[in-house]
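**Student:** Take a look at this one; I'll ask things after.
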């Protein structure tokens, strides 16, 4: 049997590659709304961040989500991420 390739994505916080399923996706929908994508299948431009508070904080501080999504991200999205993210540094 053929071995399936596992999709890899880069975390915007730490800039490391991880399997796609280990990361949290934030997406800008075609309507311009920015939401968390728990399924990983919503239409739109996606950005991935690993499940560490330090990565979310670094991405917020350096406005990496804003640049990747080409739109300003509201602080509520960051707060939701920090509440949903379980792992500590």
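The values are calculated or read from the model by the stated rules, or taken from the named source; none is laboratory data. Keep in mind it's a predicted model, so treat the numbers as computed, not measured. Please note: Cβ atoms are built from the backbone with ideal geometry, for glycine as well, and neighbour counts cover all protein chains shown.
**Student:** Quick check on residue 56: is it farther than 20 Å from residue 16 by Cα and surrounded by 15 or more Cβ atoms within 10 Å (Cβ to Cβ)? Explain how you work it out, then say what you get.
**Tutor:** Numbers: farther than 20 Å from residue 16 by Cα: no; surrounded by 15 or more Cβ atoms within 10 Å (Cβ to Cβ): yes.
No; evaluated as a whole, the condition is false for this residue.
**Student:** Filter the range 3-13 down to residues that are loosely packed, with under 15 Cβ neighbours inside 10 Å and touching a strand residue (DSSP E or B) at 6+ places or on another chain (Cβ under 8 Å), then give me how many there are.
**Tutor:** 3
**Student:** Please go through the range 19-41 and pick out each residue that is out of contact with any helix residue (DSSP H, G or I) (no Cβ under 8 Å at 6 or more places or on another chain), farther than 15 Å from residue 73 by Cα and surrounded by 16 or more Cβ atoms within 10 Å (Cβ to Cβ).
**Tutor:** Of everything in the range 19-41, just one residue is out of contact with any helix residue (DSSP H, G or I) (no Cβ under 8 Å at 6 or more places or on another chain), farther than 15 Å from residue 73 by Cα and surrounded by 16 or more Cβ atoms within 10 Å (Cβ to Cβ), namely 23.
**Student:** Next question. Quick test of your reading of the structure: residue 49 fulfils all but one of (1) free of Cβ contacts under 8 Å to residues at least 24 places away in the same chain; (2) under 14 Å from residue 80 (Cα atoms); (3) part of a strand (DSSP E or B). Name the failing condition by number.
**Tutor:** Failing condition for residue 49: (1).
**Student:** Would you check which residues across the range 58-89 are out of contact with any helix residue (DSSP H, G or I) (no Cβ under 8 Å at 6 or more places or on another chain) and closer than 13 Å to residue 13 by Cα and list them?
**Tutor:** 61, 62, 63, 66, 67, 68
**Student:** Condition check: without any contact (Cβ under 8 Å) to a residue 12 or more places away in the chain and out of contact with any strand residue (DSSP E or B) (no Cβ under 8 Å at 6 or more places or on another chain). Does residue 41 satisfy that?
**Tutor:** Taking the combined requirement at face value, the residue satisfies it.
**Student:** Got at least one residue in the range 67-80 being surrounded by 14 or more Cβ atoms within 10 Å (Cβ to Cβ), modelled with pLDDT of 90 or more and assigned to a helix (DSSP H, G or I)?
**Tutor:** Yes, that holds for at least one residue.
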